[in-house]
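What follows is a short report on a single structure.
The values are calculated or read from the model by the stated rules, or taken from the named source; none is laboratory data. Because the structure is predicted, anything quoted here is derived from the model rather than measured. Reconstructed Cβ throughout: ideal geometry from the backbone, glycine too, with neighbour counts over all protein chains shown.
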Amino acid sequence: MATYPNKGKLSVNSYKTKDSQPDHKGEIVMLRSTLKELMEEHDGDEIVIKLSGYNADGQYGAWIKLSWNNFKPADPASPRTPVQEAPLKDEDIPF
């Protein structure tokens with residue numbers, strides 16, 4: 001599999017010999033610039049990364065294609081501004 005930045009994959013662990021070993025093994029490839037951006041965006045010690053997995057099949061068997069999304073919780077200190085809708089005009093009403 002070619003290496004694509006900020007993507008990853010999990011494959012069935014064909015070398016598993018006991019229950020304590022993982023069922024799947026793989027990797028996520030992350031650009032250094034992306035990692036730096038994550039560090040700058042988050043203030044706390046924890047950075048939450050949401051993973052998505054997609055079943056795939058290749059020449060070496062089944063695997064799971066991974067993608068990820070940076071989850072940044074809403075800042076409770078910043079007030080939410082309501083979305084203001086433009087008022088309707090007479091010509092906007094169909095009857």
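Please indicate, with yes or no, whether at least one residue in segment 50-64 is surrounded by 10 or more Cβ atoms within 10 Å (Cβ to Cβ), at pLDDT below 70 and of a type outside the set (Phe, Trp, Tyr).
Looking for residues that are surrounded by 10 or more Cβ atoms within 10 Å (Cβ to Cβ), at pLDDT below 70 and of a type outside the set (Phe, Trp, Tyr), one finds none in segment 50-64, hence no.
Could you list, in sequence order, all residues of segment 22-42 that are free of Cβ contacts under 8 Å to residues at least 24 places away in the same chain and in a loop (DSSP other than H, G, I, E, B)?
PRO22, ASP23 - these are the residues of segment 22-42 that are free of Cβ contacts under 8 Å to residues at least 24 places away in the same chain and in a loop (DSSP other than H, G, I, E, B).
Can you spot a residue in segment 21-39 that is surrounded by 11 or more Cβ atoms within 10 Å (Cβ to Cβ) and touching a helix residue (DSSP H, G or I) at 6+ places or on another chain (Cβ under 8 Å)?
Scanning segment 21-39 turns up no residue that is surrounded by 11 or more Cβ atoms within 10 Å (Cβ to Cβ) and touching a helix residue (DSSP H, G or I) at 6+ places or on another chain (Cβ under 8 Å).
Among residues belonging to segment 2-20 that are of a type in the set (S, T, N, Q) and surrounded by 10 or more Cβ atoms within 10 Å (Cβ to Cβ), point out the one that is farthest from ASN69 (Cα to Cα).
Filtering segment 2-20 for residues that are of a type in the set (S, T, N, Q) and surrounded by 10 or more Cβ atoms within 10 Å (Cβ to Cβ), the one farthest from ASN69 (Cα to Cα) comes out as ASN13.
Only one residue in ASP45, ASP19 is part of a loop (DSSP other than H, G, I, E, B) and modelled with pLDDT of 85 or more, so which one is that?
ASP19
In this structure, is LYS89 in contact with a Pro (Cβ under 9 Å, 6 or more places away or on another chain) and either modelled with pLDDT of 85 or more or loosely packed, with under 10 Cβ neighbours inside 10 Å (or both)?
No.
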